[in-house]
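Quick notes on the structure that follows.
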Amino acid sequence: MHHERIAILDFGSQYTRLITRRLRELGAFGLVYGPKAKAQDIAGTDLRGVILSGGPNSVLEAGAPGLDPAILELGVPILGICYGQQLLARDLGGQLHRASKREYGKATIQVTDVDSVLFLGMERELVVWMSHGDHVEKAPEGYIVTAKTPGVPVAAMEDRAKRRFGIQFHPEVTHTAHGNLLLLNFLHVCSMKLDWNAGQFIEEKIKETQAQVGTGTVVLGLSGGVDSSVTALLLHRAIGRQLTCVFVDTGLMRKDEMRHVQESFAPFDLNIRWVNAAAKFLDALANVTDPEQKRKIIGRLFVEVFEHEAKSISAQFLAQGTLYPDVIESSGIGGAVLVKSHHNVGGLPARMKMKLVEPLRELFKDEVRRAGLALGLPEDIVWRHPFPGPGLAVRIPGPVTAERVKILQNADAIFIEELKASGWYKLSSQAFAVLLPVQTVGIMGDERTYENMCAIRAVTSEDFMTADWARLPHELLAKTAARIVNEVKGINRVVFDITSKPPATIEYE
Ligand code: XMP
């Protein structure tokens, strides 16, 4: 079964994912393709339209990514955004203006054509988000100019007969008034059904997984995070006891994590192996202080423990909760820079020679959450913040010991409890405590103390590539700090981290 699809050609815009997400929110299934995609790569009976994204290059530069002319002959509607519009103009004989500097921010456009299809239902004057250098000076033959600004004579253009559209601004950015309506107008031109939703997706994936796995056995690393949990429930619905989940307690997890996951999954009849490997991980980490070293040791041990379990059940398939952003990134479509040797500890090595089952690889996080709710996953797990594979080890700069892990677990649990009680857990994207390798002087009762310092960090983020610190209320901070210092033996000072990403990263190591 294939969904009707919009192909999004990514020319390197920071907003490509956002375009895809907006389409999904509108009920249209969009898939991202690289800038070199040819007509045959995107063609198919399910293709309803093509969107050409923005990008950092100038279409006038030699070597700038171009468009396979055969894509114009596929017979489906095309919408060029920013760089995409300029490509259309360049290739179809329009004129471009080469800019010396970029225009970035809000601009007001005048809609100049009352019959415009893209601007249907909108006012004549609209605030939009611009981020461009060059612009189209003269539209190609056959195109009507449908919007302009004082500096940009072709802010939008359309060839209604051929169903090709170009816009200089970004409808996917929320600052653009009626951005969603504009995309919706385009989707109508494409005759998209707008029936994309998580419930239907699950049913399709269940059938697909049954066909893929047959009577084979599947192993899945269950961490208690939302991705692996949704994968587990979806596969359980598809293949029942042919799925074995392996939960590895690394000893570096949140307080009472294993018990929490056990309770959450108790209502489902899942086949789960609970492996306590805490001593192994802590032994291997003794006296290791280098962050990359820590990550490598943890990654290696995890694979070792997991591989052992997988072999013991002779699994032929390895299930993973890979999501669409990982797919976009690892396929080299998005241009992410490697800062740390991330990410998924679940990224198990090829030597395991198992076939992959990745039922969520076309989904964004919010869609996975909706799928989780549809599958009956407890809200508590559905709305969980992400937790890094190497666990608390990267939140304990310096040597990791059982004692330091325990101190951090207790502090972290208090912070999370207070966040939940105040409603700020859901308002933050990720929050946690960090045990700093610094001791400071304090006073408890009449006694001088010389104990550890703890940092608390809460961030808001769309995609975790950038993040801002959450503006937690002072009362919440005060209560959390007081409770941590009073209740957690070993901590006598709490600081609140107010750094955004960049320049800091979310985790400390
Ligand atoms: P940073 O610290 O790079 O983190 O800003 C971005 C997001 O990734 C998570 N993270 C990890 N997740 N394995 C994971 O599965 C890792 O090694 C890892 N390191 C960081 C981090 O918690 C944040 O959500």
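Overview of values
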read-out: Computed helical MRE - 222 nm, the chain, DSSP H runs ≥ 4 contributing -39500 (n - 2.57), nearest 500; value: -10000 deg cm²/dmol
read-out: Region 215-382: C-alpha gyration tensor shape, a/c 1.5 cut-off, then a/b vs b/c; value: rounded
read-out: Pair D115, T215: separation of 7 Å Cα→Cβ label points (nm); value: 6.5
read-out: Accessible area of H474 in the full protein assembly, 1.4 Å probe (Å², nearest 10); value: 140
read-out: For the chain: rounded, prolate or oblate by the Cα gyration tensor [a/c cutoff 1.5]; value: prolate
read-out: With all protein chains modelled, accessible area of S223 [1.4 Å, Å²]; value: 60
read-out: Probe 1.4 Å - accessible area at E309, Å² to nearest ten; value: 30
read-out: Gap separating the Cα centres of region 32-46 and region 118-133, nearest whole Å; value: 28
read-out: Relative contact order (%) - the chain, alpha-carbon pairs under 8 angstrom, separation at least six; value: 11
read-out: Mean separation of Cα contacts under 8 Å (6+ apart) over length of region 121-237, as relative contact order %; value: 17
read-out: The chain: angle of helix 474-487 to the longest principal axis, Cα-based, in degrees nearest 10; value: 30
read-out: Cα-based shape type of region 5-189, given that a ≥ b ≥ c are square roots of the gyration tensor eigenvalues and the cut on a/c is 1.5; value: rounded
read-out: At R0 = 45 Å, FRET efficiency that the Cβ-Cβ distance of E447 and R273 yields, to 0.05; value: 0.45
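The values are calculated or read from the model by the stated rules, or taken from the named source; none is laboratory data. No experiment lies behind these values; they were computed from the predicted model shown. Counting neighbours? That spans all protein chains shown, and the Cβs are built from the backbone with ideal geometry, glycine included. Note: areas computed on protein heavy atoms with side chains; ligands, DNA, RNA excluded. Shrake-Rupley method; radii C 1.70, N 1.55, O 1.52, S 1.80 Å.
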